[in-house]
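Throughout, read-outs are computed from the coordinates displayed, never taken from laboratory work. These numbers were taken from a predicted model, which means no experiment stands behind them. Note that we place each Cβ from the backbone using ideal geometry, even for glycine, and neighbour counts take in every protein chain shown.
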Amino acid sequence: MDALIAASARALAVGDPLGALQRVALRDDPAALALRGIAMAQLGEHARARELLRRAARAFGAHEELGRARCVLAEAEVALAMRDLGGGTRGLVAAAATLERLGDPANAMQARLVAARQALLLGRLADAARTLHDVDAAGLPSALAAVADLARAELALRQLQSRVAAAALEKAARAASRAGIPALIAEVAEARSALTRTAARRLSRDGAEPLALPDVEAVLASGALVLDACRRGLAAGGAWVSLARRPILFSLASSLAQAWPEDVARDALIVSAFRTRHHDETHRARLRVEMGRLRALLQPMAAIESTPRGFVLRPRTANEVVVLAPPIEGEQAAVLALLSDGAAWSTSALALTLDASQRTVQRAIADLEADGQVHAIGQARARRWLARPLVDFTTVLLLPASLPGA
Amino acid sequence: MPATSTSAPTAHPASYPAPQPAEIVREFGPFPGAASVGGVSYDGSHVWAATGGLLLAIDPRSGEVTRTLHNAGHAGTAFDGKHLWQIVETRIEKLDAATGAVLASIPAPAKGGDSGLTWAEGSLWVGDHRGRKIHQIDPATGAIRRTIESNRFVTGVTWVDGEFWHGTWEAEESELRRIDPQNGDVLQRVQMPAGTNVSGLESDGGNLFYCGGGGTGKVRAVRRPKATA
């Protein structure tokens with residue numbers, strides 16, 4: 001490392017990106033380009049940062065693998081901050097292996113964390129879990145350990161494991177306070193409040209009771225047959241039947257669950273599921289067909305029996321039926337509730353599931369996007385929507401302390 | 001006599017002598033407040049290490065830091081028998097070794113791309129890191145007297161017993177190399193163990209080299225091998 005690179009890296013490490021830039025502004029050697037890129041990222045100039053980091057990666061010689069891998073990592077962090085998630089994680093995983101092999105374990109872990117967070121953002125929970133499994137928090141600097149635990153907490157929240165999430169957040173809080181980074185401490189506090197906020201409402205004849213995430217889990221673990229209108233499906237004893245893309249079946253199941261233990265009249269089912277008041281014999285035939293499909297899907301957890309005037313739900317082992325609804329009413333809440341499964345939804349899939357027009361869904365999405373609660377990936381017909389991550393920690397660029405030749 | 005050689009070393013790398021493994025005798029540090037070492041020197045009794053914001057004098061017998069100067073120092077430290085010389089950003093500062101007061105400042109030849117500094121026979125010798133060169137300069141003005149080419153990144157330079165050595169650190173490999181100061185031919189190579197990098201090099205005038213350990217914040221003492229050529 002030469003004198004100006006050392007001086008510039010020192011400036012970056014103490015949080016003086018302008019001082020860092022000033023020292024290498026006119027230099028185009030790879031180490032200087034990398035420092036300029038990181039300084040730009042810290043200043044929020046993400047597009048410029050990315051361009052500089054790409055140039056730096058190219059400018060490092062073929063044998064300067066470490067410098068190159070660090071640039072790939074920094075560029076991935078910038079892409080994450082820009083929510084540009086189209087690139088995939090293959091380059092990042094390769095960079096992690098290179099960093100590991102060449103004796104830079106902290107940046108190798110950082111690369112894995114970035115890959116895990118990218119997978120979380122894309123709703124690829126299994127990928128995220130696999131990558132996080134390889135992150136060993138024990139050897140990490142405090143700031144990184146906090147980010148690792150935040151990512152674990154988010155994964156657990158998405159998987160409805162609030163106890164695991166709470167434990168991870170506890171650890172994240174300790175690590176964040178050791179690191180002494182205010183933005184990180186605030187992130188952890190915000191994430192912890194997610195555990196106590198209303199996650200769903202339990203509907204009954206007496207009204208709606210707000211439930212926090214641990215209460216939702218308790219309901220799901222209680223052995224009851226749960227109609228979950230947030231994720232649009234039915235749960236019983238750990239089993240899950242998703243009706244998210246079957247709006248008519250969901251509507252029927254919903255009516256039966258809300259009426260339980262009473263039955264529901266055929267006419268009422270036709271009115272709510274098919275949205276028509278003027279029904280005839282063809283609707284009755286259609287109801288029989290749909291009910292047959294629902295019966296087949298619910299077979300392991302409940303029976304649907306005919307009664308003189310309609311149908312009734314009979315749980316197989318559960319002695320209770322519980323109905324969970326999204327925390328607030330309205331299209332926006334319903335869209336958010338669906339997106340909270342972590343998957344990437346298209347507008348048309350959302351409209352189909354909610355049995356609403358695409359226009360209605362687009363309006364709801366536009367409002368949510370303006371609030372920063374959802375974001376898009378992809379363009380045009382490939383465009384998909386994702387909910388804002390439960391925790392949205394700032395990027396912690398590690399590189400300054402360990403630049404090429406440091 | 002001013003003379004500049006701009007041609008690359010004539011000898012092909014394949015003809016270089018085989019490397020000998022480095023014998024690391026001792027490690028010092030890392031020291032509190034000094035995350036990385038960017039330059040080392042030796043004043044006859046203490047090893048000096050430039051660590052960014054501090055210049056540390058280390059007693060090589062005890063390994064303790066006996067003095068600390070609050071001077072910026074980024075890459076390359078030298079001792080001329082009386083003063084310390086230190087590369088700071090784009091310049092070389094001449095320091096009062098007792099107080100750290102800056103007595104003079106000259107421009108560094110690689111304009112901030114410099115790494116490695118030593119004093120010999122009335123000249124300063126400065127490494128040009130990515131330029132893979134070593135400049136001999138006038139300590140009064142900074143004017144370049146002569147340039148030697150290397151084919152590796154230069155991270156430290158030192159003279160001992162008429163031998164000219166430079167440290168290199170490139171592609172995660174580090175060596176100490178004795179080169180012919182006339183034409184840059186590689187005469188002897190001492191290979192550091194994998195992952196042990198050299199940022200800054202100084203001889204103790206005897207049979208030891210002191211090597212800066214970059215981001216590890218360490219200073220290592222390496223045995224100087226017998227001359228082979």
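Key figures for this structure:
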{"read-out": "Modelled label reach - B:D59, point 7 Å along Cα→Cβ, the range B:171-208 residues with backbone N closer than 20 Å", "value": "B:204"}
{"read-out": "In nm, spacing of pseudo-spin labels at B:T141 and A:R314 (7 Å Cα→C-beta vector)", "value": "10.7 nm"}
{"read-out": "Ranking of A:R275, A:R232 by count of other Cβ atoms within 10 Å, fewest first", "value": "A:R275, A:R232"}
{"read-out": "Linear extension gain, A:D28 paired with A:A376, 0.36 nm per residue minus alpha-carbon span", "value": "121.8 nm"}
{"read-out": "Burial ordering of A:F274, B:F79, fewest other beta-carbon atoms within 10 Å first", "value": "A:F274, B:F79"}
{"read-out": "Calculated P(r) of the range A:86-143 - Cα pairs past 13 Å, %", "value": "57 percent"}
{"read-out": "Amide proton proximity set for B:W48, modelled H, under 5 Å, gap of 5+", "value": "B:S41, B:Y42, B:D43, B:I58"}
{"read-out": "FRET efficiency, 1/(1 + (r/R0)^6) with R0 51 Å, evaluated for A:A218 and A:R288 via beta carbons", "value": "0.85"}
{"read-out": "Ranked list, fewest to most other Cβ atoms within 10 Å of each Cβ, for A:H63, B:H70, A:H279, B:H135", "value": "B:H70, A:H63, A:H279, B:H135"}
{"read-out": "Cα principal axis extents for the protein assembly as shown, largest first, Å", "value": "113, 46, 42"}
{"read-out": "Computed P(r) (all Cα pairs; chain B; 10 Å bins; percent)", "value": "9, 38, 38, 14, 1"}
{"read-out": "A:R359 versus A:E281: modelled label distance in nm, points set 7 Å from Cα along the beta carbon direction", "value": "3.7 nm"}
{"read-out": "Label-point separation, B:A104 to A:R384 (7 Å along Cα→Cβ), nm", "value": "6.8 nm"}
{"read-out": "The range A:3-193, relative contact order [Cα under 8 Å, separation at least 6], %", "value": "11 percent"}
{"read-out": "Max mean-square fluctuation residue, GNM over chain A, Cα-Cα springs under 10 Å, options A:A303, A:A143, A:A337", "value": "A:A303"}
{"read-out": "Charge dipole (debye, nearest 20) of chain B; +1 at Cβ of Lys and Arg, -1 at Cβ of Asp and Glu", "value": "120 debye"}
{"read-out": "A:S242-A:A189 FRET efficiency (beta carbon distance; Förster radius 25 Å; 0.05 resolution)", "value": "0.15"}
{"read-out": "Computed over chain A: relative contact order in percent, which uses C-alpha pairs under 8 Å that are six or more apart", "value": "16 percent"}
{"read-out": "For the range A:200-325: relative contact order, % (alpha-carbon pairs under 8 angstrom, 6 or more apart)", "value": "33 percent"}
{"read-out": "Mean-position separation - Cα centroids, the range A:287-333 and the range A:71-112, in angstrom", "value": "46 Å"}
{"read-out": "Choice from A:L157, A:L113, A:L26 showing the highest fluctuation, given a GNM over chain A with Cα pairs closer than 10 Å", "value": "A:L26"}
{"read-out": "Reference-scaled alpha-carbon Rg (2.2 N^0.38 Å with N residues) for the range A:3-193", "value": "1.04"}
